[in-house]
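In what follows, a structure is listed as structure tokens, so that the remarks can point back to it.
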Amino acid sequence: MTEQTGTGSAGDADYGTIGAGYRDYRRPDPRIARAIGAALGDADTVVNVGAGAGSYESPDLRVTPVEPAAAMRAQRPAHLAPAVDATAERLPFPDDAFDAALTTFSVHQWQDVRAGLAEMRRVATGPVVVLTCDPALVRDFWLYEYAPPVLDAEARRYPPVDVIAEAVGGRVTVEPVRIPADCVDGFNEAYYGRPEMLLEPGARRACSSWSFVEPAVADAAVARLRADLDSGAWDARHGALRHRPEYHGSLVLIRATP
Ligand SMILES: C[S@@+](CC[C@H](N)C(=O)[O-])C[C@H]1O[C@@H](n2cnc3c(N)ncnc32)[C@H](O)[C@@H]1O
């Protein structure tokens, strides 16, 4: 895919098409925000790469957002800084320009993840923080029973955790992120105990992995899920999840210090 800043997307998903309505379903979850805040430590200036509509940009920090897709920049609320139109692979900042660098739910879309992470390392003096999914774990989610091609696409796209760690370098920690039952950031696993949410087309559109399968394949997966919810088959297998306060899925927070 050729680099295409300013319009649909610079990544592997077309945010010109799927970006509309993103913010209706993908709002920052305060509990995940706290984990990110702790990882950023005492940083004051932060570059947020693949910033999208501004999720996880703390009002307490001086954030410089970077976002290549116009459809996403357009959804940024007025109280947040406008985003710089650029890509991770070529950040338009001098070395050591920020205390920390952050990226959330974005590395799997970059054309060159190693180059983008090296750029984050270059422009930050302190921690590089990456919220992402561990591709080795994404197929463990029950959605794999219904939509294997969707999670196969997800597992293919997410860079392995050791690749991220090696690309950023330094001292690296990897922490699983607990997903709360009422998580307001609507990635697929956020609906672990609310399967009905995945029947909503808008909820699926806000998770780019659904855009990698043919509409007929997605429709068939949703029809199977709907049938199992109607018959009680989903609840018979997974109903305990409806009462589980937290889920340990594939979500991880990677923190690298020089
Ligand atoms: C799933 S959205 C996440 C947005 C936001 N960080 C969040 O947590 O809601 C992924 C974002 O990465 C952006 N992106 C894709 N390729 C990129 C690249 N090469 N460099 C920087 N951002 C990129 C997309 O345009 C999109 O806004």
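FYI, it's all coordinate maths here, none of it is from the lab. On a predicted model such as this, the values are computed, not experimentally measured, just so you know. Quick reminder, even Gly has a Cβ in these numbers, built from the backbone with ideal geometry, and neighbours come from all protein chains shown.
Under the condition of being touching a residue at least 24 places away in the same chain (Cβ under 8 Å) and part of a strand (DSSP E or B), which residue from the stretch 29-62 is nearest to the ligand (Cβ to nearest atom)? The selected residue is Val49. Every listed requirement among (1) under 22 Å from Tyr22 (Cβ atoms); (2) assigned to a strand (DSSP E or B) is met by Asp182 save one, (2). Among the residues making up the stretch 137-168, a single one is in a helix (DSSP H, G or I), surrounded by fewer than 19 Cβ atoms within 10 Å (Cβ to Cβ) and of a type in the set (Phe, Trp, Tyr): Tyr144.
The set of residues in the stretch 207-258 being more than 30 Å from Ala43 (Cβ to Cβ), of a type in the set (Lys, Arg) and crowded, with 16+ Cβ neighbours inside 10 Å consists of Arg226 alone.
Reported count of residues in the stretch 91-107, each being closer than 13 Å to Tyr158 by Cα and near the ligand (Cβ under 8 Å from one of its atoms), is 3.
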